[in-house]
Amino acid sequence: PLSPAAVVGAGLGGSAAAYFLQQHFGPQVQLDVYEAAAVGGRLATVTVNKQQYESRGASIHALSLHMQDFVKILGLKHRREVAGKSAIFSGEHFVLEETDWYLLNLFRLWWHYGISFLRLQMWVEEVMEKFMRIYKYQAHGYAFSSLEELLRSLGGEAFVNMTQRSVAESLLEVGVTQRFVDDVIAAVLRSSYGQSVLVPAFAGAMSLAGAQGSTWAVEGGNKLVCSGLLKLTKANVISARVTGISLHSSEGRALYQVHYESTEGQGSAFYDVVVVTTPLHPSRSNFTFENFDPPIADFPGAFQPSVTSVVHGYLNSSYFGFPDPKLFPFTSVLTTDTPDLFFHAMDNICPVNISAAFRRKQPQEAAVWRVLSRQPLDKHQLKTLFRSYYSVQVTEWQAYPRYDAAKALPPIVLHENLFYLSGVEWVASSMEMIAVAAKNVALLAYNRWHQDLEKIDQKDLMHKVKTEL
């Protein structure tokens, strides 16, 4: 039997990994979860006027089956949708504006971009349809020991290649025009990843699926999923920063010693299985691995700094060409890749608890806006976007991988029973992607522990799964 298992990090990846480990190994498995900061990781909220608002990780795609499951199991609810319109701003004018009338939106897209819009949708749908196979594989207990194997099983070499070439290149190839890429695709990627159309095609497809599908969020805040899963698994949450992992062996089995620092001082504990869910990039963690032979290599790649400013104030609508604020119709503004534009996107956000009586603020009233940018906004920039404001709360993150340079994907297996979850973000970064990776790591740990190699890296899974049914 498995003695204690450790999970490093209590964001969505760590909480989901703890939950899935317990599901597969059974309730007797003893789980320690190490977290130096707050449970929830990047799924954090900020408070404005006694109301809480998501500062990041705000929307979840309708097809996110694991996230849907978590919400059901935990008895959480979907947050009520508050309708709003978006537009894409070039720094001088709006290149695309949404209306209340769905058909008119379609017509506008057709009128501006012809068949590009349809080709984009077909491309995204094809990727999503293949990606959805993962749920079937996981339901049958299949796991993958590398991100490449996982991708290959879903969409062959084409999926692996999509992590090595840009979304712009892939879309131009299927006949989407450069103008559509510059106006629409660039705006969506700036608002989701804060990056350009040079992000890899797979990460781009996931982000575009979120932009055109229906999305939802958790009533009370998405971070409730993390605390809920940890409570449900009765995991022992240890408030400490893990500084390193060293390898020992006992009776021919690997044993991992996790070293940590807390307010009480330094400590360590031994585990059979360890899942690391915090990024192992030198810029993000100073983690040491000791006694491993061969040594565990450094991880290439960097993270993209990203700034969220939650501003409570009056929008300066005349900057957007609306001298009368009453007439400003948009609740979210995306931007094209224009050199002098200092922000990626901004939206008029609703609190995490939405009552039935809730109504969105009118454009001439003071509202809570979330502005995404690469650098913190200076006074002049804030005055450009807002006539006046009561408060500004700034959160700086290393939010997403810097996708620009094509690199090999990070490994999942660092050693026999030592696994790395965060590498999945180099394929695509979304809540569901992390949940899928957590389930994969738990199945991989379980199958390896029980030497069930028939369930790891199998070829032709579509056929196998069909015959098993």
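Annotations
- Any chance residue 209 is under 16 Å from the mean Cα position of the chain (by Cα), hydrophobic (A, V, I, L, M, F, W, C) and open to solvent by less than 10 Å² (accessible area, probe 1.4 Å): yes
Residue by residue, here is whether (1) in a loop (DSSP other than H, G, I, E, B); (2) more than 20 Å from the chain's Cα centre (by Cα); (3) of a type outside the set (Gly, Ala, Ser) holds:
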| site | (1), (2), (3) |
| --- | --- |
| 2 | yes, yes, yes |
| 6 | no, yes, no |
| 33 | no, yes, yes |
| 82 | yes, yes, yes |
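Quick grid of which residues meet (1) closer than 17 Å to residue 317 by Cα; (2) in contact (Cβ under 8 Å) with a residue 60 or more places away in the chain:
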| position | (1), (2) |
| --- | --- |
| 73 | no, yes |
| 80 | no, yes |
| 94 | yes, yes |
| 103 | no, no |
| 106 | no, no |
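- Residue tally, condition under 26 Å from the mean Cα position of the chain (by Cα), open to solvent by 60 Å² or more (accessible area, probe 1.4 Å) and in contact (Cβ under 8 Å) with a residue 60 or more places away in the chain, over segment 109-124: 0
- When the residues of segment 315-324 are filtered to those that are surrounded by fewer than 19 Cβ atoms within 10 Å (Cβ to Cβ) and touching an Asp or Glu at 6+ places or on another chain (Cβ under 9 Å), the one that is nearest to residue 361 (Cα to Cα) is 318.
- In segment 279-308, the residues that are out of contact with any Leu (no Cβ under 9 Å at 6 or more places or on another chain), closer than 23 Å to residue 42 by Cα and part of a loop (DSSP other than H, G, I, E, B): 279, 281, 282, 283, 284, 285, 286, 300, 301, 302
- Checking every residue in segment 275-290 against the condition of being modelled with pLDDT of 90 or more, surrounded by fewer than 19 Cβ atoms within 10 Å (Cβ to Cβ), over 28 Å from the mean Cα position of the chain (by Cα) and not polar (S, T, N, Q) gives at least one match.
- Residue check for residue 29: outside any helix (DSSP H, G or I), at pLDDT 95 or above and either of a type in the set (A, V, I, L, M, F, W, C) or over 15 Å from the mean Cα position of the chain (by Cα) (or both): no
- Some residue of segment 230-243 being part of a strand (DSSP E or B), of a type in the set (D, E, K, R) and either within 13 Å of residue 10 (Cα to Cα) or free of Cβ contacts under 8 Å to residues at least 40 places away in the same chain (or both): yes
- Unmet requirement for residue 363, which otherwise passes all of (1) touching a Pro at 6+ places or on another chain (Cβ under 6 Å); (2) farther than 19 Å from residue 54 by Cα; (3) open to solvent by 60 Å² or more (accessible area, probe 1.4 Å): (3)
- Odd one out for residue 106, checked against (1) exposed (fewer than 15 other Cβ atoms within 10 Å of the Cβ); (2) touching a helix residue (DSSP H, G or I) at 6+ places or on another chain (Cβ under 7 Å); (3) not polar (S, T, N, Q): (2)
- Looking only at segment 237-249, residues that are open to solvent by 80 Å² or more (accessible area, probe 1.4 Å) and under 22 Å from residue 264 (Cβ atoms) come to 2 in all.
The values are calculated or read from the model by the stated rules, or taken from the named source; none is laboratory data. What you see is a predicted model; the values in this text were computed from it and never measured. Note that we place each Cβ from the backbone using ideal geometry, even for glycine, and neighbour counts take in every protein chain shown. Calculation scope for accessible area: heavy atoms of the full protein, side chains included, ligands and nucleic acids excluded. Shrake-Rupley method; radii C 1.70, N 1.55, O 1.52, S 1.80 Å.
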